[in-house]
Every structure is written in structure tokens, then in C-alpha cells.
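Right, one structure below, let's go through it.
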Amino acid sequence: MNVKKLEAAFFAAFSHAIRTQGLSALKRTSLFGSNESATELKKAA
Amino acid sequence: MDHSLDKLLVADGSWQSFEDDWRSQCETFGEEFDQYAVGSLPVLQELAREDKKDAAVYALRGDDSSFAAVAQVNSTHLPGYDGRVLRVRHILLSPKLDYGELPLSDYASVMSRVFSRTVALSARAMPSDHVKFHLRSPADHQFFSSALSMLKDLELFSSVAMRGAWLYLTLNRP
């Protein structure tokens, strides 16, 4: 498996997604722990 | 900066190094680590207490010893699959990437390294024929749908799909 090639492919895909949707769209995802802070979980409940 | 994908264990102190670093990153932004990622970090810490072959916590560590991301990875047989499935859950990017406003390329770089190096586990440390990434929220679905279209165009994967809360990848093996 060519991990560098795989990394380049993911980099292109994620760069495209961030450019087209904006960093704010990425920051709304579950990749960021602040979206599952105790305060946020309480707000959502 | 280059990164390595390291297995985190409580027993060898690597989990503590990770926790100390993320605590420090949170404090840099005036945030409390104990209130951070409260749904995921306890799960990851519990897994890091065990040294299993097919289930582990992996973190992306920079050559400055800071941790850029963490995830839970396991390999198992699942109904409906021919061969083992590598599942990647609780993917978290660092507090610095979370609270900071870094260049877009930094986010793409860390994400691409987390995804590519966890997929690489399917070829070596946790041999598996399929890989699935857990997308935990509607916002995940929306964001990754945009990336999906590009991944489908590549010859690296024989199959790329989103179904329910999962992003499925099947790699083309030589």
C-alpha cells in the first residue's frame, strides 16, 4: 500500500471540501471535541 | 511538520503524554480539558488501559511531540462482509485545531494523515479488507459528502460509499 499516495488523495479531497464548504462547516463536525463539551451536550438535550 | 501514528497505552505512559499535551493546548485557549470531548475521551482512555491486538487508540504525533489527532481503531469480522473490517471511531482533531484559526492546509494535512495512516493499519498492524469511518453527526455527513465525490474518482478504492453513519472504503489491492 502506497501510504503517501493515499495521503495525497485524502489531502486533495479534504482540501476541496474545506474550500467549497468553508472552515466553519468542518468545525461543526464531530471531529472537534468542543462540539461535545458538557455545555454543548446540555444545550442539545 | 511530519507526524507518526502512535498507539496510546496507559501502561507505557503514552496516554498520559497525550492527555498532558491536550490539557496544555486547552489551557492555552482558556478552555478546560475536563470539559472537552466528554463523550469520546473517557471511551478512548478506557480502551488505552488494555493492550489488544485488534482494538487500540492511535494518535497522530508531530515531530515536536504534540498530538494533532486521536482515534479508536478496531478490526473484526462483521455480518455481510467477506473478510475483516477496520472501523475507525471517535476521530478527534486537537484543541489547537479546534479553538485556533490555522491555515486551511493545516486542517487538510492533519485529516489526510489521520485517514491515510489509519487505512494503512488495514495492511499491516490490523489486517482488514474493508475500512469504515464513523460519521457521528449530520454535519459530518454534509462535510464528508463533498470529499466523497473526489475519493470516488481515484483508482485507489474499488468502492467508496456513505451509508447511514458510516463512510465505507474498500481498497484496490494489487
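The values are calculated or read from the model by the stated rules, or taken from the named source; none is laboratory data. Fair warning: this is a prediction, and the values are worked out from it, not measured in the lab. With ideal geometry, Cβ positions are generated from the backbone for all residues, glycine too; neighbour counts draw on all protein chains shown. Keep in mind that these areas ignore ligands, DNA and RNA; they rest on the heavy atoms of the full protein, side chains included. Shrake-Rupley method; radii C 1.70, N 1.55, O 1.52, S 1.80 Å.
Take A:A17 and decide whether it is part of a helix (DSSP H, G or I), at pLDDT 90 or above and in contact with a Ser or Thr (Cβ under 7 Å, 6 or more places away or on another chain). Judged against the criteria, A:A17 is a match.
Scanning the range B:145-169 for residues that are more than 13 Å from A:A12 (Cβ to Cβ) and open to solvent by less than 30 Å² (accessible area, probe 1.4 Å) yields B:F157, B:V160, B:A161, B:L167, B:L169. Quick check on the range B:127-142: of everything there that is more than 7 Å from chain A (Cβ to nearest Cβ) and within 14 Å of the chain's Cα centre (by Cα), which residue is farthest from A:S30 (Cα to Cα)? Checked the range B:127-142; the qualifying residue farthest from A:S30 (Cα to Cα) is B:V131. Within the set B:D51, B:D2, the sole residue that is within 15 Å of B:A125 (Cβ to Cβ), among the acidic types (D, E) and open to solvent by 70 Å² or more (accessible area, probe 1.4 Å) turns out to be B:D51.
Of the residues making up the range B:122-169, those that are closer than 25 Å to A:R19 by Cβ, basic (K, R) and in contact (Cβ under 8 Å) with a residue 24 or more places away in the chain number 1.
Summed over the range B:76-121, the residues that are more than 8 Å from every other protein chain (Cβ to nearest Cβ), buried (at least 19 other Cβ atoms within 10 Å of the Cβ) and not in a strand (DSSP E or B) give a count of 6. Every listed requirement among (1) under 20 Å from B:S40 (Cα atoms); (2) among the hydrophobic types (A, V, I, L, M, F, W, C); (3) crowded, with 22+ Cβ neighbours inside 10 Å is met by B:A139 save one, (3).
Out of all the residues in the range B:34-57, is one or more in a strand (DSSP E or B) and either of a type outside the set (A, V, I, L, M, F, W, C) or over 28 Å from B:E101 (Cβ atoms) (or both)? Yes, that holds for at least one residue. The residues of the range A:20-34 that are at the interface with chain B (Cβ under 7 Å from one of its Cβ atoms), open to solvent by 10 Å² or more (accessible area, probe 1.4 Å) and either farther than 9 Å from B:S146 by Cβ or touching a Pro at 6+ places or on another chain (Cβ under 7 Å) (or both), listed by number, are A:L23, A:R28, A:S30, A:S34.
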